[in-house]
Amino acid sequence: MARAAAADPAFSTPSDGLERQRDLTVAAFAQIGVRCIPPDGGCYTIGDIRPATREDSEAFAFRLIEEAGVTVAPGGYFHHDARLGAGFVRISFNRRIDTLLDVERRLAGLRPARDVEQRV
């Protein structure tokens, strides 16, 4: 990978398509209060759910599936100590644009967490 990056400076720059997918995903989750830092490469982002809910990432992920049909991975799955990732989710954005637009629509209809103070 390092050799490819050295040979082609644009190697680590997202393609226009992937950049659009990333931007759509970041915006879709921002509308529900999840903060994502747009990555410079890769096909996923980490979303900080703490501004949006007091749920842990596992409860939040299951609620997204149940109420919006949107899948994210709980952040605790990516840490040696799951408690460190409890306020984060991993969000893949390597999907078709029409799929991401549907995700945006579904998230717009997501209601705030039950019996959870929302801090947006």
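So, in the stretch 60-100, exactly how many residues are outside any helix (DSSP H, G or I) and in contact with a Gly (Cβ under 6 Å, 6 or more places away or on another chain)? Walk me through it before giving the result.
First, pick out the residues of the stretch 60-100 that are outside any helix (DSSP H, G or I): 69-74, 79-81, 86-96.
If we keep only those that are in contact with a Gly (Cβ under 6 Å, 6 or more places away or on another chain) as well, we get 79, 86, 88-89, 91.
Number of matching residues: 5.
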Quiz item: Can we say Glu19 is surrounded by 13 or more Cβ atoms within 10 Å (Cβ to Cβ), in a loop (DSSP other than H, G, I, E, B) and not hydrophobic (A, V, I, L, M, F, W, C)?
Solution: no
Quiz item: Arg105 fails exactly one of the following numbered conditions: (1) open to solvent by less than 80 Å² (accessible area, probe 1.4 Å); (2) modelled with pLDDT of 95 or more. What is the number of that condition?
Solution: (1)
Quiz item: Of all residues in the stretch 37-50, which are open to solvent by less than 30 Å² (accessible area, probe 1.4 Å) and modelled with pLDDT of 95 or more?
Solution: Thr45, Gly47, Asp48, Ile49
Exercise. Please list, ordered by first then second residue, the pairs with beta carbon atoms under 8 Å, 6 or more apart or interchain, first in the stretch 62-91 and open to solvent by 60 Å² or more (accessible area, probe 1.4 Å), second among the acidic types (Asp, Glu).
Key: none
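Could you check the stretch 23-36 and list, in sequence order, the residues that are among the charged types (D, E, K, R) and either at pLDDT below 95 or out of contact with any strand residue (DSSP E or B) (no Cβ under 7 Å at 6 or more places or on another chain) (or both)?
Just the residues of the stretch 23-36 that are among the charged types (D, E, K, R), to begin with: 23, 35.
Scanning the stretch 23-36 gives a single hit, Asp23.
The values are calculated or read from the model by the stated rules, or taken from the named source; none is laboratory data. Computed from a predicted structure; not experimentally measured. A quick note on method: Cβ atoms are made from the backbone with ideal geometry, for glycine too, and the neighbour counts reach across all protein chains shown. These area figures cover heavy atoms from the full protein model, side chains too; ligands, DNA and RNA do not enter into them. Shrake-Rupley method; radii C 1.70, N 1.55, O 1.52, S 1.80 Å.
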